[in-house]
Amino acid sequence: MLASSMTFLASPACVIDGPLPCQREDPRLWFSERPADLELAKAFCRPCPVRRCCLAGAVERREPYGVWGGEIFIDGTVAARKRPRGRPPGTPRRTPCIR
């Protein structure tokens, strides 16, 4: 954890009652391949008292993936949402030309 993140967590203004959402809930949600799981993890992050610090640290570290500070990281950058794997729905398959 970076010095700026550690300073925030150690400050008297940071009062944490009980475990943080990422410590309380299933940690696999924050690193899932399923967009629905990532959206749930983002929702758990919203009321977290260290959300801003977590996000700032993840941006500084260029976290490769996962939910950090209520945002989804893909390849070290913040993404609005994660698309499911595979072909988008409604995309026609290319059929081979048969003559």
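Coordinate-derived values only; no laboratory data. What you see is a predicted model; the values in this text were computed from it and never measured. Cβ coordinates were reconstructed from backbone atoms using ideal geometry, including for glycine residues, and neighbour counts include every protein chain displayed.
Observations, loosely collected:
- Residue by residue, the range 61-70 carries 3J(HN,Hα) couplings of 7, 6, 3, x, 6, x, 9, 9, x, x Hz when phi is fed to the Karplus relation 6.51 cos²θ - 1.76 cosθ + 1.60 (θ = phi - 60°); x denotes Gly or Pro.
- GluC sites (Glu not before Pro) restricted to the range 28-90 and DSSP loop, no more than 13 other C-beta within 10 Å: Glu33
- Three-way shape call for the range 20-68 based on the alpha-carbon gyration tensor, with the a/c threshold at 1.5: oblate
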